[in-house]
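To start, I am sharing the structure in question, which I have written as structure tokens.
The values are calculated or read from the model by the stated rules, or taken from the named source; none is laboratory data. Bear in mind that the values here come from a model prediction, so they are computed numbers and not experimental data. Glycine also receives a Cβ, built like all others from the backbone with ideal geometry; neighbour counts cover every protein chain displayed. Calculation scope for accessible area: heavy atoms of the full protein, side chains included, ligands and nucleic acids excluded. Shrake-Rupley method; radii C 1.70, N 1.55, O 1.52, S 1.80 Å.
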Amino acid sequence: MASGIIIKTEEQIEGIRRSGQLAGKTLDMLEGRIEAGVATKDIDQWVYEFTCDHGGYPATLDVKGFNKSCCTSINNVICHGIPDDTVLKDGDIINVDVTPVLDGYFGDTSRMFVIGETSEEALRLIEETKTCMCLGIDVVKPGNTIGDIGYAIQQHAESCGYSVVRELCGHGTGLEFWEAPQVPHYGKRNEGPPMVPNMVFTIEPMINAGRCECTTLSDGWTVVTVDGSLSAQWEHTVRVTETGVEILTA
């Protein structure tokens, strides 16, 4: 396509599907293991070992300046948190984002985890952010546009009193880590590239409890809310089918 969007072949779709399933299973592996007293570097090691044991390799290890196997974003960290000695404590919320490469194909997904007992505010933010992702996925079908996804997400987030991060977005993926198109999580109906069968991209809304503005820390990666408010994110990689959508990282 003229816009640089790669329409995948059936063979490529199958490869991306296998990598996506490995990504989902990696997050499943973490369920029950992420708890108070665990350091984010421990999560990173678990992701590395699980990915490699299943024939894959963490794509983020090849990203200059990051060099970890996953992203671990806690509380007011919007995304790209770098695993380190930070120890999780009761009440924290954390997003873990994984992107394995399997046989040359990329699968990208993230999930929220709750540490012990947390606030009702945090739980509601997590749940409504997941709803935002699901609403975005629900409008994926041939003939709709990328703007329809952002519109659905923005309308729900703002109806809940939340804000949508605008500096970061979803993206095409599968043959490369980041491909066209960009997939904003805000927007207007009937704008942006039209969806056609075998387009593959991520939907990964980043929703803040407070203001939408963000800033990047001195490490060059960690993105945080400017007002210190909580942020949540959920992500799936999806394929446009002939009639609707397939979640490749389910």
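Over 30 Å from Ser163 (Cα atoms) and among the charged types (D, E, K, R): which single residue out of Asp97, Asp84, Asp28, Asp42 fits that description?
Details: Asp97 fails: over 30 Å from Ser163 (Cα atoms); Asp84 fails: over 30 Å from Ser163 (Cα atoms); Asp28 fails: over 30 Å from Ser163 (Cα atoms).
Only one candidate passes the filter, namely Asp42.
Can you name every residue in the stretch 140-169 that is more than 29 Å from Asn76 (Cβ to Cβ) and part of a loop (DSSP other than H, G, I, E, B)? It would help to see each step written out before you state the result.
The initial filter retains those residues of the stretch 140-169 that are more than 29 Å from Asn76 (Cβ to Cβ), namely 140-145, 148.
If the condition is that a residue be more than 29 Å from Asn76 (Cβ to Cβ) and part of a loop (DSSP other than H, G, I, E, B), then Val140, Lys141, Pro142, Gly143, Asn144 are the ones that fit.
Considering only the stretch 100-107, I want to know if a residue exists there that is part of a helix (DSSP H, G or I) and either polar (S, T, N, Q) or under 16 Å from the mean Cα position of the chain (by Cα) (or both). Walk me through how you get there before you give the answer.
Residues of the stretch 100-107 part of a helix (DSSP H, G or I): none.
No: the stretch 100-107 contains no residue that is part of a helix (DSSP H, G or I) and either polar (S, T, N, Q) or under 16 Å from the mean Cα position of the chain (by Cα) (or both).
Can you give me the ranges of the strands (runs of 3 or more DSSP E) entirely in the stretch 189-250 with at least 2 residues that are of a type in the set (A, V, I, L, M) and open to solvent by less than 50 Å² (accessible area, probe 1.4 Å)? Give the derivation first.
Details: elements: 200-203, 206-208, 214-216, 223-225, 231-233, 236-240, 245-247.
In the stretch 189-250, the matching strands (runs of 3 or more DSSP E) lie at 200-203, 206-208, 223-225, 236-240.
Restricting attention to the stretch 164-194, which residues are over 29 Å from Val63 (Cα atoms) and touching a strand residue (DSSP E or B) at 6+ places or on another chain (Cβ under 7 Å)?
The answer is Asn190, Glu191, Pro194.
While we're here: Which one is surrounded by the most Cβ atoms within 10 Å (Cβ to Cβ) among residues in the stretch 87-99 that are more than 13 Å from the chain's Cα centre (by Cα) and not aliphatic (A, V, I, L, M)?
Asp92
Taking the condition of being touching a residue at least 12 places away in the same chain (Cβ under 8 Å) and either of a type in the set (Lys, Arg) or within 16 Å of Asp97 (Cα to Cα) (or both), how many residues in the stretch 12-30 meet it?
Taking the stretch 12-30 and keeping what is touching a residue at least 12 places away in the same chain (Cβ under 8 Å), we get 12-13, 15-27, 29-30.
Checking which are either of a type in the set (Lys, Arg) or within 16 Å of Asp97 (Cα to Cα) (or both) leaves us with 17-27, 29-30.
Residues in the stretch 12-30 being touching a residue at least 12 places away in the same chain (Cβ under 8 Å) and either of a type in the set (Lys, Arg) or within 16 Å of Asp97 (Cα to Cα) (or both): 13 in total.
Pick from Thr225, Thr216, Thr202, Thr243: which is touching a His at 6+ places or on another chain (Cβ under 7 Å) and hydroxyl-bearing (Ser, Thr, Tyr)? So that I can check it myself, show each step before the final result.
On the way: Thr225 fails: touching a His at 6+ places or on another chain (Cβ under 7 Å); Thr216 fails: touching a His at 6+ places or on another chain (Cβ under 7 Å); Thr243 fails: touching a His at 6+ places or on another chain (Cβ under 7 Å).
Residue meeting the stated conditions: Thr202.
Next question, about the same structure. Considering only residues that are within 14 Å of the chain's Cα centre (by Cα) and outside any loop (DSSP other than H, G, I, E, B), which ones fall in the stretch 60-73?
Restricting attention to the stretch 60-73, the residues satisfying the condition of being within 14 Å of the chain's Cα centre (by Cα) are 60, 70-73.
Hits for the stretch 60-73 are Thr60, Cys71, Thr72, Ser73.
Taking Glu127 and the conditions (1) surrounded by 16 or more Cβ atoms within 10 Å (Cβ to Cβ); (2) without any contact (Cβ under 8 Å) to a residue 12 or more places away in the chain, which numbered condition does it fall short on, given that it satisfies the others?
(1)
Could you tell me which residue of the stretch 170-188 is nearest to Gly150 (Cα to Cα), considering only residues that are among the charged types (D, E, K, R) and outside any strand (DSSP E or B)? Full working, then the answer.
Here is the first cut: in the stretch 170-188, the ones among the charged types (D, E, K, R) are 176, 179, 188.
Now restrict to residues that are outside any strand (DSSP E or B): 176, 188.
Details: Glu176: 23, Lys188: 7 Å.
Per the stated criteria, the residue is Lys188.
In the stretch 10-48, what residues are open to solvent by 10 Å² or more (accessible area, probe 1.4 Å) and either aromatic (Phe, Trp, Tyr) or outside any helix (DSSP H, G or I) (or both)?
Glu31, Gly32, Arg33, Ile34, Glu35, Ala36, Gly37, Val38, Trp46, Tyr48 - these are the residues of the stretch 10-48 that are open to solvent by 10 Å² or more (accessible area, probe 1.4 Å) and either aromatic (Phe, Trp, Tyr) or outside any helix (DSSP H, G or I) (or both).
Please work out if Ser110 is polar (S, T, N, Q) and in a loop (DSSP other than H, G, I, E, B). Explain how you work it out, then say what you get.
Values: polar (S, T, N, Q): yes; in a loop (DSSP other than H, G, I, E, B): no.
For Ser110, the condition - polar (S, T, N, Q) and in a loop (DSSP other than H, G, I, E, B) - is not met.
If a residue must be on the phi < 0 side of the Ramachandran plot, surrounded by fewer than 19 Cβ atoms within 10 Å (Cβ to Cβ) and free of Cβ contacts under 8 Å to residues at least 60 places away in the same chain, how many such residues does the stretch 49-73 contain?
Residues that pass the stated criteria total 8.
I'm trying to understand the selection: among the residues of the stretch 156-181, which are touching a helix residue (DSSP H, G or I) at 6+ places or on another chain (Cβ under 8 Å) and without any contact (Cβ under 8 Å) to a residue 60 or more places away in the chain?
Result: His156, Ala157, Cys160, Tyr162, Ser163, Val164.
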